[in-house]
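Engineer: Quick one: the structure is below, and I'll ask about it shortly.
The numbers here are math on the coordinates, done by the rules we state, and not lab data. As the structure is a prediction and not an experimental result, all values here were calculated from the model. FYI the Cβ positions are ideal-geometry reconstructions off the backbone, even for glycines, and counts take in every protein chain you see.
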Amino acid sequence: MLTEIDAEPQAKSLKEVAMHIQPLSSAPVNERGGQKSYLLLGREQFDSKNLAITWVDCAPGSMQAVHGHPDNEQVYVVVRGRGVMQVGGEMQEVSEGTLVFIPPGAAHAIKNASDEPLMFVSATSPPFDPAELDAYFAYKQR
C-alpha cells in the first residue's frame, strides 16, 4: 500500500506536476551488434527538453559500433556486469557502478568481453532526435 511521503518545508513551495513512467517493456527498441537499446526518455517525451535516457542490454561478446555525438555529452552507468569501454583512443575495463563521461564529439563504444550479461544506462544532453538517427541506431516502436 502506498502512503504519502512527508514533504520537507522547502518542498512545499514546489509546483505540482504529473508523474510520467516509461516501462522497459513498452519502450522503443534498437537491436545492434548483439545489444538491445531501449529508449526510456526521448526528446520532447513527457515535455523533456534537456535529456535522453537509454537502457542497454549487452549479450556476452557483443560490441557497440564506435560512434560519436558532435554536440552531445553523454554518460554510461554500468548497472550490471563488466566490459571494456573506449572513449577516444583510450580503453578501460568497466564494471557495475562505474560511470563513464563521454565529451561531445568523442568516438566511443562498449564491448561485453565477459560471458555474463552487461547492462548500462546512458544519459545524453542535449537529447538526440530519434528521427535523425541512421538506420543502425534507429529505434522501433513496439
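Engineer: Assuming a strict under-29 Å limit between Cα atoms, what lysine pair count do you get for the chain once near-sequence pairs (fewer than 8 apart, same chain) are dropped? The partial results should precede the final answer.
Structural biologist: Working: Lys12/Lys49; Lys15/Lys49; Lys36/Lys49; Lys36/Lys111; Lys36/Lys140; Lys49/Lys140; Lys111/Lys140.
Value for the chain: 7.
Engineer: Would you kindly derive the ³J(HN,Hα) couplings of region 21-28 from the backbone phi angles with the Karplus curve 6.51 cos²θ - 1.76 cosθ + 1.60 (θ = phi - 60°), listing them in order in whole Hz, with x for Gly and Pro?
Structural biologist: 10, 10, x, 4, 5, 10, 6, x
Engineer: Diagonalise the Cα gyration tensor of the chain and give the resulting equivalent ellipsoid semi-axes, square root of 5 times each eigenvalue, largest first, whole Å.
Structural biologist: On the way: eigenvalues 167, 65, 54 Å².
Calculated on Cα positions only, the semi-axes equal 29, 18, 16 Å.
Engineer: When Lys and Arg each count +1 and Asp and Glu each count -1, what net charge do the other residues less than 13 Å away from His20, Cβ to Cβ, add up to?
Structural biologist: Numbers: positive: none; negative: Glu44, Asp47.
Net charge in that neighbourhood comes out at -2.
Engineer: Moving on. Summing +1 for each Lys or Arg and -1 for each Asp or Glu, what net charge is found among the other residues whose Cβ lies under 14 Å from the Cβ of Arg43?
Structural biologist: Values: positive: Lys49; negative: Glu44, Asp47, Asp71, Asp129, Glu132.
After counting each charged neighbour, the total is -4.
Engineer: With 10 angstrom as the radius, rank Ile102, Ile21, Ile110, Ile53 by how many other C-beta atoms surround their C-beta, starting from the fewest. Don't skip to the end; give the middle numbers.
Structural biologist: Values: Ile102 21, Ile21 6, Ile110 25, Ile53 18.
Taking fewest neighbouring Cβ atoms as first place, the list is Ile21, Ile53, Ile102, Ile110.
Engineer: Using a 10 Å Cβ count of at most 16 others and DSSP loop calls, identify the longest part of the chain lacking such GluC sites (Glu not before Pro).
Structural biologist: Details: sites that count: Glu4, Glu16, Glu44, Glu96.
Excluding the exposed sites themselves, the longest stretch runs over 45-95.
Engineer: If amide H atoms are built 1.01 Å from N in the plane of the peptide, which residues on other chains or at least 5 residues away come under 5 Å of the amide H of Val94?
Structural biologist: Gly83, Val84, Met85
Engineer: How much net charge surrounds Val100 when only the other residues with a Cβ under 14 Å from the Cβ of Val100 are counted, with Lys and Arg +1 and Asp and Glu -1?
Structural biologist: Values: positive: Arg82, Lys111; negative: Glu73, Glu90, Glu93, Glu96.
Here the charged neighbours net out to -2.
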